[in-house]
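Data first, discussion second: the structure below is written as structure tokens.
Derivation of every value follows stated rules applied to the coordinates shown; laboratory data play no part. Quick caveat: nothing in here was measured; it's all calculated off a predicted structure. All Cβ positions, glycine included, derive from the backbone under ideal geometry; neighbour counts span all protein chains shown.
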Amino acid sequence: SQTLPLAGKVVTITAGPTREALDPVRYISNHSSGKMGFALAEAALSAGATVHLIAGPVQLQAPEGVTHYGVQSAEQMLEQSLALVAQTDIFIAAAAVADYRMAEVAEQKMKKAQGETDLVLRLVQNPDIVATIARHPERPFTVGFAAETQAVEAYAADKLQRKNLDMIIANDVSRTDIGFNSDQNAVTVLWRSHNGVQRHQPEQASKQALASQLINCIVEQFEA
Ligand code: C5P
């Protein structure tokens, strides 16, 4: 019998948006659907891996057989990622993490100020989850995503180096027919090798079909 390429391997995936509280009833977030991360979880499972899926609030059901960790904030997503890092062989960061959170979350619902038209919120930067994992002493093979609107490959290559990633999956979010909330995606995969940055461009496909192509690509470099 043929053994699956990721048999005995642990894959941890972040997915969806994060949600950063302003007060007990309000938050900052984004439009990430989580579809790409969930499709990758399914594809990694099909490739024989044990799969951990750390997801922000999404309208999706985790595939049966995948361990799902529901989180809200970037800090919670980082905490769960760190809890799994030592057992993880491949870490894939597909989450759209909020770059900022409130410096101080209001304990009570914020009131609209009378006679004041402007409100200033003080935000602080969130930790970079994938960069933290990629610099961890027990770092797994680490894969990130880069959603760009211009100079897609140049910015992705820069992110690959700056975040110390093994591989980055770049997509052009200026195109409204693909990416973010769409069911289709077209990407370029970049990775570091002894001969510099290598690239591969899978055919544009549904997020499901693309996910299995990406898992194949990840397996190839993980083994290399
Ligand atoms: O820097 P940028 O947000 O464009 O990088 C995108 C990549 O970094 C994605 O893989 C995303 O999941 C990851 N990321 C993260 N933690 C953050 C910001 C981004 O893991 N705070």
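Overview of values
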| quantity | calculated |
| --- | --- |
| Neighbour-count ranking [beta-carbon atoms within 10 angstrom, fewest first] of 167, 77 | 167, 77 |
| Cβ-based exposure ranking for 223, 42, in which fewest neighbours within 10 Å come first | 223, 42 |
| Listed residues 219, 191, 154: farthest to the positive end of the dipole of region 78-224 (Cβ charges) | 154 |
| Charge tally in the Cβ shell below 12 Å around residue 98, where Lys, Arg are +1 and Asp, Glu are -1, residue 98 excluded | -2 |
| Burial ordering of 110, 36, 102, fewest other beta-carbon atoms within 10 Å first | 110, 102, 36 |
| Between region 1-58 and region 71-107, the alpha-carbon center distance in angstrom | 12 Å |
